[in-house]
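The values are calculated or read from the model by the stated rules, or taken from the named source; none is laboratory data. These figures come from a predicted structure and were not determined experimentally. For neighbour counting, all protein chains shown are included, and Cβ atoms are generated from backbone atoms with ideal geometry for every residue, glycine included.
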Amino acid sequence: MKITFWLLDVNYEVKNGTPEIWLWGIDDSGKRVLIIDRNFLAYFYAVVEDGADPAKVIEEIRKEQNSFIVKLEVVERKFFGKPVKTIKVYCKDPDFIPKYAKAFRKLEGVKDCLEDDIRYSMRYLIDNNVVPCGWHEIEAAEETNTRGVQVDKVYTAKTHPKLLEKAEAPQLKILGFSAIYYSREGSPKPDRNPVIIISVATNRGEEKQFLADDKNDKPVLEAFINYVRKLDPDIIVGYGVNGQDWQYLNERCKKLGLRLHVDKAGTEPHTSVYGHVSITGRTNIDLFDFAGEFPEVKVKTLENLADYLGVMKIENRTLIEDVDFADYWDDKEKREILKKFSMENTHCVMGIAEAILDFAMQLSNLVGLPLDHVGTAAVGFRVEWFLIKNAQKIGELIPKRIE
């Protein structure tokens, strides 16, 4: 059957030595879907030295007896516009590619190995012209959801996706949140300082606050986890969440014997490329990463950015310094002001998200980086991926990144 879907997130898993691309999306009827593609082999290039015989290089590679290498072929590519002969090395398990590339560089007749540093999931997007925040069509068969992932349907891909000329995004479920931590002595530490308030709001007008029972924050975290899983948002937004909140909440959960299961696959948030925190199957957006797009905002605080974008004027805001949170929490009258401050933070988060989300999705679509990567990636990296995407189309090899 043909499935039309809008791509929200992508990751890969290796199951029993076989790689799987997981495409998380929303189909044209609004159902949340996971499409698993097992038909794409990872690869890299061994560039053959001038005058060397590619056939002999292939013999040398075969002598290495690398069990995960499934195919070798001689292909012509260009390197900075100059034609070169290469051995395209297909590997069953993408996790072994850096190891093999390092070994093959030492072989006689191999000048260098290239494209071994391109992540398997990004390689899939580039090679198949699969675009984040874009509509695609794919031939797929429905399979039973044996993995317990939080979607309406799971499919096995029969073909690779085909990009469609369709621009409008589907109706997305967006959750914004902010958290307050209790500490009387310096910066809060997750091994000893509780989470006293988590304020949430959705793009459908729902608002909630989860409060600690005095200093007992286990109910707060349990309620937050349950709320996220019940709401099942496509996008989660916050401010400074990559740098602090997700790590803090994760470590605090571990301290209390909980697991921060807020993704679609039963795993915990984890730091991935460019320092962004990945929440499998959802898009985690830290709005702080987009604050640099507004040079007029000199001090990149939540309230300053919200003020600049006209979300909430700073003179209308309840403002409390971090060092005063404990005093406000312990005073029953002041606690209400702290609760108001926390909810205003979440209102600002949702207002900023509304202002910049279209820009973020267009940027993701243009450069080819997933929506949760594109904010954390520096401008240079965004340009790099745009060039990589287009270089592949003309048979140009990607040079190694020089840090």
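Here is a check on your reading of the model: is residue 210 closer than 21 Å to residue 286 by Cβ, free of Cβ contacts under 8 Å to residues at least 40 places away in the same chain and among the aromatic types (Phe, Trp, Tyr)? When the stated conditions are applied, residue 210 passes them.
Taking the criterion of being within 30 Å of residue 365 (Cα to Cα) and either modelled with pLDDT under 95 or over 22 Å from the mean Cα position of the chain (by Cα) (or both), would at least one residue in region 52-72 satisfy it? Within region 52-72, not a single residue is within 30 Å of residue 365 (Cα to Cα) and either modelled with pLDDT under 95 or over 22 Å from the mean Cα position of the chain (by Cα) (or both). Of the residues making up region 330-361, those that are crowded, with 17+ Cβ neighbours inside 10 Å and in contact with a helix residue (DSSP H, G or I) (Cβ under 7 Å, 6 or more places away or on another chain) number 10. Here is the figure for region 73-94: residues that are β-branched (Val, Ile, Thr) and under 34 Å from the mean Cα position of the chain (by Cα) total 4.
Cβ-Cβ distances below 9 Å connect the following pairs, each with a first residue in region 267-293 that is free of Cβ contacts under 8 Å to residues at least 60 places away in the same chain and in the same structural domain as residue 244 (by TED's automatic domain parsing), a second residue that is hydrophobic (A, V, I, L, M, F, W, C) and part of a strand (DSSP E or B), and a separation of six or more residues or different chains: 269/277; 270/277; 271/277. When 97, 69, 61 are checked against the criterion of being free of Cβ contacts under 8 Å to residues at least 40 places away in the same chain, surrounded by 14 or more Cβ atoms within 10 Å (Cβ to Cβ) and under 25 Å from residue 19 (Cβ atoms), a single residue qualifies: 69.
Let's see how each residue does on (1) surrounded by fewer than 19 Cβ atoms within 10 Å (Cβ to Cβ); (2) touching a Phe, Trp or Tyr at 6+ places or on another chain (Cβ under 7 Å); (3) not in a loop (DSSP other than H, G, I, E, B):
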{"position": "199", "(1), (2), (3)": "no, yes, yes"}
{"position": "221", "(1), (2), (3)": "no, no, yes"}
{"position": "228", "(1), (2), (3)": "no, no, yes"}
{"position": "244", "(1), (2), (3)": "yes, no, yes"}
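Inclusion of residue 114 among residues that are at pLDDT 95 or above and either more than 29 Å from residue 382 (Cα to Cα) or surrounded by 22 or more Cβ atoms within 10 Å (Cβ to Cβ) (or both) is not warranted.
Scanning region 367-380 for residues that are among the hydrophobic types (A, V, I, L, M, F, W, C), part of a helix (DSSP H, G or I) and either at pLDDT 95 or above or within 15 Å of the chain's Cα centre (by Cα) (or both) turns up 367, 371, 374.
Listed by position, the strands (runs of 3 or more DSSP E) inside region 100-169 whose residues that are of a type in the set (Val, Ile, Thr) and in contact (Cβ under 8 Å) with a residue 24 or more places away in the chain number at least 3 form an empty set. Candidates in region 246-264 are the residues that are in contact (Cβ under 8 Å) with a residue 12 or more places away in the chain, charged (D, E, K, R) and part of a helix (DSSP H, G or I); of these, the one that is farthest from residue 8 (Cα to Cα) is 255.
Within region 362-390, restricting attention to residues that are without any contact (Cβ under 8 Å) to a residue 40 or more places away in the chain and within 21 Å of residue 164 (Cα to Cα), which residue is surrounded by the fewest Cβ atoms within 10 Å (Cβ to Cβ)? Here the answer is 390. Exactly one residue among 284, 250 is crowded, with 16+ Cβ neighbours inside 10 Å, closer than 17 Å to residue 181 by Cβ, modelled with pLDDT of 95 or more and of a type in the set (S, T, N, Q), and that residue is 250.
Would you check which residues across region 184-224 are under 19 Å from residue 239 (Cβ atoms) and of a type in the set (Gly, Ala, Ser) and list them? Of everything in region 184-224, those that are under 19 Å from residue 239 (Cβ atoms) and of a type in the set (Gly, Ala, Ser) turn out to be 187, 199, 201.
Put simply, of 400, 300, 389 the only residue that is assigned by TED's automatic domain parsing to the domain that holds residue 188 and not acidic (Asp, Glu) is 300. Looking at 166, 208, 106, 102, just one residue is at pLDDT 95 or above and either over 18 Å from residue 22 (Cβ atoms) or not charged (D, E, K, R) (or both), and that residue is 208. Can you name every residue in region 22-49 that is under 27 Å from residue 61 (Cα atoms), assigned to a strand (DSSP E or B) and not hydroxyl-bearing (Ser, Thr, Tyr)? Residues satisfying the conditions are 42, 44, 46, 47, 48.
Are any of the residues in region 351-364 in a helix (DSSP H, G or I), over 21 Å from residue 203 (Cβ atoms) and modelled with pLDDT of 95 or more?
To start, the set of residues in region 351-364 that are in a helix (DSSP H, G or I) comprises 351-364.
After this cut, where a residue has to be over 21 Å from residue 203 (Cβ atoms) as well, the list is none.
No, region 351-364 contains no residue that is in a helix (DSSP H, G or I), over 21 Å from residue 203 (Cβ atoms) and modelled with pLDDT of 95 or more.
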